[in-house]
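Worksheet: one structure, shown below.
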Amino acid sequence: MLSPSQIRDRLRDSAAAALDGDETVLDQTASWLASLTARELVRVDHYARQDCYEGTSRMWAQAVVASPFPVVAVLASMHRDGYVRELAVGSLATSLDVVSDRALAVRVTDHVGVIREKAMREVLRRLTLDHAEHVMPVLLRIEQRSRAAIALALYLDALVSEYGEAQVWGRLRRSADRDLQRVAFQRSIDSGLLELTDAIELLPREKDQVVRRQLIRVIADSASADVIAKVLLGGRSAESRALGLVKLTAAELDVADVQRLLIDRSVLVRLWARRRWQEMGHDAASAYAAVARSAAMPIVRARAYIGLAETETAIEREEILGLVQSTELPLRKVGLSLLRGRATAQDVPLLLGLVADDQSRVARLASEVLVGGPRLWSVADLAPLKAAHDPERRRRAWWLHRHRGGWDAVIADLELLHDSDPELAALGRHRELPMYFQPTGTQRQRIMDLLATVPLDQHQRRRIGWVAGIPDPS
């Protein structure tokens, strides 16, 4: 989506091309306007009337009448002058292309009554399903505006009278406009126009999350237990798997399905799988323990350990440390997650080594374990990381230092301002000073040393020094 300034620049260039008859730019403009979503087109119409067009109203009126390019009338329909817009609407009535359809639909919400009525009359003449695919997204987008409140209903009634509700919504369900597609699916479901077999067929290849949710609901509410088990429990969406478990009772579920879903990647699915597993008379903790300590794939074992922790089953510290030191990435990550809040001072060298790991997720998890136990380590322990050649490792050291909070965070920022990497040094400029407690003597001395060479102006240095209780930071 373009920014307001980019939209204005694009419109200025297009307007100049319209007055000069520049065919190349006008073709590009037509393609651009045709590619916009309804949401974007309404934004463009808003910015077009903010003095984006050069030339007098007379020049634009002449261009609308004389130009053979429909896109000129489309641009004129967004002009700030009402007379030019009215003339453009009349010209657009003779053109049946995509941009003309959409431009007329936008003018249905014009603040000038005559223009609004003209545009509405012309829109109501365009009642083929091809025209509807262009017009309906715009009418849907402006439906909430008081001046266009009845436009969508009038157009939709005319369409249904011409083709019937089933054919209209069936076509609009295939719309490229996301908002219209969602409305079309919901209206089809509400009207009983979408069969269960259609929902089952469409669900596997549907990419839009909202539409997927609508189809899942149809299947969950209408299908038999065996269909729900087959379609929803094996679905790509976590919502479909969870809803399948909710809809089916323990007696209707297959043991193998529930056992598989115990180690699902979704928290909600695992929760409902455990509930059904217990209703079947099985112990979830035992099932998780068996998989976690088996020869299964690392990702499967990692999820089993997560499930085991979710059952609040105690896991020995030695076992957790074994996971942290595993050569398998999923097991290392789950080990670090389980170590959070259970680390000791003996684990600090291992954790600091993992902070320097090439895997950013491992480094992040190790950092979070250290942040959760700030009394286990000191700032001095970060020295090797701070001296690392790699800027990313120095950034991680700064992150850890900063998360100690208080004046340590200020010191971390001041140190980072001295970094040789400009992008990294810039991170140290956004600091908040602790206002309700003073730094320790050691911290105050370190701040004084840093302020002596820090690349900040005199006002910033004096402010930091004043809050830190340093009488003359210069």
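The values are calculated or read from the model by the stated rules, or taken from the named source; none is laboratory data. Treat the numbers as computed from the prediction; the structure is a model and nothing was measured. With ideal geometry, Cβ positions are generated from the backbone for all residues, glycine too; neighbour counts draw on all protein chains shown. For accessibility, only protein heavy atoms count, side chains too; no ligands or nucleic acids. Shrake-Rupley method; radii C 1.70, N 1.55, O 1.52, S 1.80 Å.
Taking all protein chains together and rolling a 1.4 Å probe, Met1 ends up with roughly 150 Å² accessible.
Ignoring ligands, DNA and RNA, what percent of the accessible area of the chain is carbon or sulfur (1.4 Å)?
Carbon-and-sulfur percentage of accessible area, whole number: 51.
Here r is the Cβ-Cβ distance between Gln167 and Glu252 and R0 is 51 Å; the resulting FRET efficiency, rounded to 0.05, is 0.85. Placing unit charges on the Cβ atoms of the charged side chains and taking the dipole of segment 1-122 about its Cα centre, the candidate lying farthest along the positive direction among Tyr83, Thr56, Val72 is Tyr83.
Of Trp272, Trp277, the order by accessible heavy-atom surface (1.4 Å probe, DNA, RNA and ligands excluded), from most exposed downward, is Trp272, Trp277.
Restricting segment 26-104 to GluC sites (Glu not before Pro) that sit in a DSSP loop and have at most 13 other Cβ atoms within 10 Å of their own Cβ leaves Glu54. Using a probe of 1.4 Å, the accessible surface attributed to Ser31 totals some 80 Å² when neighbouring protein chains are kept in position.
Could you tell me the calculated FRET efficiency between Met280 and Val114, based on Cβ-Cβ distance and R0 = 56 angstrom, to the nearest 0.05? Walk me through the intermediate numbers first.
Working: r = 71 Å, r/R0 = 1.27.
Efficiency, rounded to the nearest 0.05: 0.20.
Every helix of 4 or more DSSP H residues in the chain counts as -39500 (n - 2.57), and over all residues that averages to -19500 deg cm²/dmol at 222 nm.
Of the labelled figures (i) 24.6; (ii) 23.5; (iii) 28.5, only one reflects Kirkwood radius over Cα pairs in Å as derived from the coordinates, namely (iii).
Shown here for segment 367-474: GluC sites (Glu not before Pro) in loop regions (DSSP other than H, G, I, E, B) with at most 15 other Cβ atoms within 10 Å, namely Glu432. Sorted from longest to shortest, the spans of the Cα atoms of segment 6-48 along the three principal axes equal 29, 17, 14 Å.
Of Ser360, Ser161, the residue with the largest accessible area leads and the full order is Ser161, Ser360 (1.4 Å probe). Identify all lysines with a Cα-Cα distance to Lys386 below 29 Å; exclude those on the same chain that are fewer than 8 residues away in sequence. Correct list for Lys386: Lys333. Restriction of the chymotrypsin sites (Phe, Trp or Tyr not before Pro) in segment 411-467 to DSSP coil positions whose beta-carbon has at most 15 other beta-carbons within 10 angstrom yields Tyr436, Phe437.
Using a 1.4 Å probe, what is the accessible area per residue for the chain, in Å²?
On a per-residue basis, 50 Å².
Each of Gln6 and Asp179 was given a label point 7 Å from its Cα along the Cα-to-Cβ line. The distance between the two points is 2.0 nm. Across Tyr163, Tyr53, the residue with the most accessible area heads the list, and the full order at a 1.4 Å probe is Tyr163, Tyr53.
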